[in-house]
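A.B. asks: This is the structure I want to talk about, given as structure tokens.
The values are calculated or read from the model by the stated rules, or taken from the named source; none is laboratory data. Just so you know, these numbers come straight off a predicted model, no measurement behind them. Glycine also receives a Cβ, built like all others from the backbone with ideal geometry; neighbour counts cover every protein chain displayed.
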There are 2 protein chains.
Amino acid sequence: MRKIAQRDDIRDLILDGVDALLARFGFRKMTMEDLAREVGIGKGTIYLHFPSKEELALAHIDRIAERLLLRLREIAAGPGSSPERLRRMLLARVLHRFDSVTHYSQNLDDLLSSVRTPLLARRRAHFEKEAAVLAEVLRDGCAQGVFCSAEIRASAQALVWCTNSLLPFSLSARELGERDELEQRVTGIVDLLLKGLLRRSPGPSKRRR
Amino acid sequence: MRKIAQRDDIRDLILDGVDALLARFGFRKMTMEDLAREVGIGKGTIYLHFPSKEELALAHIDRIAERLLLRLREIAAGPGSSPERLRRMLLARVLHRFDSVTHYSQNLDDLLSSVRTPLLARRRAHFEKEAAVLAEVLRDGCAQGVFCSAEIRASAQALVWCTNSLLPFSLSARELGERDELEQRVTGIVDLLLKGLLRRSPGPSKRRR
DNA sequence: CTTATGACCATTATCGTATTCTGGTCATAA
DNA sequence: TTATGACCAGAATACGATAATGGTCATAAG
């Protein structure tokens, strides 16, 4: 009987194991015994921290979402103009998804289909938090007169939804293409979206033609 | 032995049958005998018009795409300003997809997974044609000075890609939500995209604040 | 007393096989 | 020349027997 340093530590260790096995085998082929062996603890111990295999997977997904949220907050608090930060955030969201899909490869479908129903509500919650961070930056931009100030909340949600769509999880890794290519395509759309948000006539207009 | 009126007529009749059976049973459970019975011809006759079941499905998908293309051309040639027409076209694309997904319900996954590989190339071709029509309207707008004239081709492709993403076929009908709700959400994004395309400082700016 | 463990069990998944079904062909009919 | 359905090889399915797995809990360790 080994003494576990901290309650949260072992939770994280287990989730690390989940991450490894999920990428290697997918959800269905990852057994609780595999996982216990990977982490180096007994199977029963896992059930002291998670009530079921499904909740385990959901907790793992939550952790991924939290990391993305952290990254978005970093960017939001970081340097750059409001549109620049927003642009980086949107790109980060899509690339984060890209990395997830490639990391879990075919096994992502397996995971998602196994926990699809309970996942929907959680995703909504994640998306709302992310939209909230986007909204902050939008508000920043409004305060500086860069963005027009109408419909901030709705705009943020639209941006979240759109960037979700740009790389649906359901894509298999095989159909993704190169990361660079994706980045380029997404950048085009994101720029278009941002331009749409910008305030009309931003300063002394130099009319051409 | 019944005399078929016209070669194209029977082709269309068969595809009508495909449409009906696909919606009812999906691709795998739709048998060639079912289809022959539905259309009221012998099984062998189908093979006089289509080389295989797979090609049959692809032809059916082609026909759907052609109808959408027709609709887009209608809108493009119809009344309204360039941005208005563009907006209608983008919305039409998404709603067209919505209708497909709801029409074939669960059975769409079945169809798509059964012909996924050969479908990819065809979809690319369809998308290019659709992008070409969008590009026409964009060019119209440029000629009138509504849109900025850079990157028309790329913009059209971006719009196609983005509206594709807004409603991936892989969504099951169950997750779609209401058509009205979709229309509303998509309208928001489409408007954002269009605003991004508009030319800056379009006339005497009335600066607020 | 709290925390960790793995043998244990009911349920689920997997596999092998016997059987049915179905895409595609073609000799025959109209 | 055009249409048809009996026919066949190979694919899908149904099913029962067997193996694997999620979750529990009495026991052990600290």
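A.B. asks: Write out, first by first residue and then by second, each pair whose Cβ atoms fall under 6 Å of each other, whose residues are 6+ apart or on separate chains, and whose first residue, in the range B:137-162, is within 23 Å of A:Thr163 (Cβ to Cβ) while the second is among the aromatic types (Phe, Trp, Tyr) and in a helix (DSSP H, G or I).
C.D. replies: Short answer, once both residue conditions are applied: B:Val160/B:Phe127.
A.B. asks: Which one of the conditions (1) farther than 26 Å from A:Arg199 by Cβ; (2) assigned to a loop (DSSP other than H, G, I, E, B) does B:Thr117 fail to meet, given that it meets all the rest?
C.D. replies: In the conditions (1) farther than 26 Å from A:Arg199 by Cβ; (2) assigned to a loop (DSSP other than H, G, I, E, B), B:Thr117 misses (2) alone.
A.B. asks: Quick one: in the range B:5-45, of everything that is within 11 Å of DNA strand D (Cβ to nearest atom) and either of a type in the set (Lys, Arg) or within 14 Å of chain A (Cβ to nearest Cβ) (or both), which residue is surrounded by the fewest Cβ atoms within 10 Å (Cβ to Cβ)?
C.D. replies: Residue satisfying both the conditions and the ranking: B:Arg7.
A.B. asks: Inspect the range A:164-177 for any residue being within 12 Å of chain B (Cβ to nearest Cβ), over 23 Å from A:Arg71 (Cα atoms) and part of a helix (DSSP H, G or I) and give the result as yes or no.
C.D. replies: yes
A.B. asks: Among the residues of the range B:140-158, is there at least one that is away from chain A (no Cβ under 14 Å) and either in a helix (DSSP H, G or I) or out of contact with any strand residue (DSSP E or B) (no Cβ under 7 Å at 6 or more places or on another chain) (or both)?
C.D. replies: Yes, the range B:140-158 contains at least one residue that is away from chain A (no Cβ under 14 Å) and either in a helix (DSSP H, G or I) or out of contact with any strand residue (DSSP E or B) (no Cβ under 7 Å at 6 or more places or on another chain) (or both).
A.B. asks: B:Ile61 - would you say it is in contact (Cβ under 8 Å) with a residue 60 or more places away in the chain, surrounded by 14 or more Cβ atoms within 10 Å (Cβ to Cβ) and more than 8 Å from DNA strand C (Cβ to nearest atom)?
C.D. replies: It is true that B:Ile61 is in contact (Cβ under 8 Å) with a residue 60 or more places away in the chain, surrounded by 14 or more Cβ atoms within 10 Å (Cβ to Cβ) and more than 8 Å from DNA strand C (Cβ to nearest atom).
A.B. asks: Sort through A:Arg153, A:Arg123, A:Arg71 and tell me the only one that's under 16 Å from the mean Cα position of the chain (by Cα), within 23 Å of B:Glu183 (Cα to Cα) and surrounded by fewer than 18 Cβ atoms within 10 Å (Cβ to Cβ).
C.D. replies: Just a single option satisfies the conditions, and that option is A:Arg123.
A.B. asks: Name the residues in the range B:46-58 that are surrounded by fewer than 16 Cβ atoms within 10 Å (Cβ to Cβ) and either within 14 Å of another protein chain (Cβ to nearest Cβ) or within 15 Å of DNA strand D (Cβ to nearest atom) (or both), would you?
C.D. replies: Selection gives B:Tyr47, B:Leu48, B:Pro51, B:Ser52, B:Glu54.
A.B. asks: Restricting attention to the range A:35-54, does a residue exist that is away from DNA strand C (no atom under 13 Å from the Cβ) and in contact (Cβ under 8 Å) with a residue 12 or more places away in the chain?
C.D. replies: No: zero hits.
A.B. asks: Being touching a helix residue (DSSP H, G or I) at 6+ places or on another chain (Cβ under 7 Å), of a type outside the set (D, E, K, R) and either within 13 Å of DNA strand C (Cβ to nearest atom) or at pLDDT 95 or above (or both) is true for just one of A:Ala20, A:Ala5. Which residue is that?
C.D. replies: A:Ala20
A.B. asks: Checking B:Ala92 against (1) away from DNA strand C (no atom under 16 Å from the Cβ); (2) more than 14 Å from chain A (Cβ to nearest Cβ); (3) surrounded by 13 or more Cβ atoms within 10 Å (Cβ to Cβ); (4) over 27 Å from B:Arg116 (Cα atoms), which test does it fail?
C.D. replies: Checking B:Ala92 against (1) away from DNA strand C (no atom under 16 Å from the Cβ); (2) more than 14 Å from chain A (Cβ to nearest Cβ); (3) surrounded by 13 or more Cβ atoms within 10 Å (Cβ to Cβ); (4) over 27 Å from B:Arg116 (Cα atoms), the one that fails is (4).
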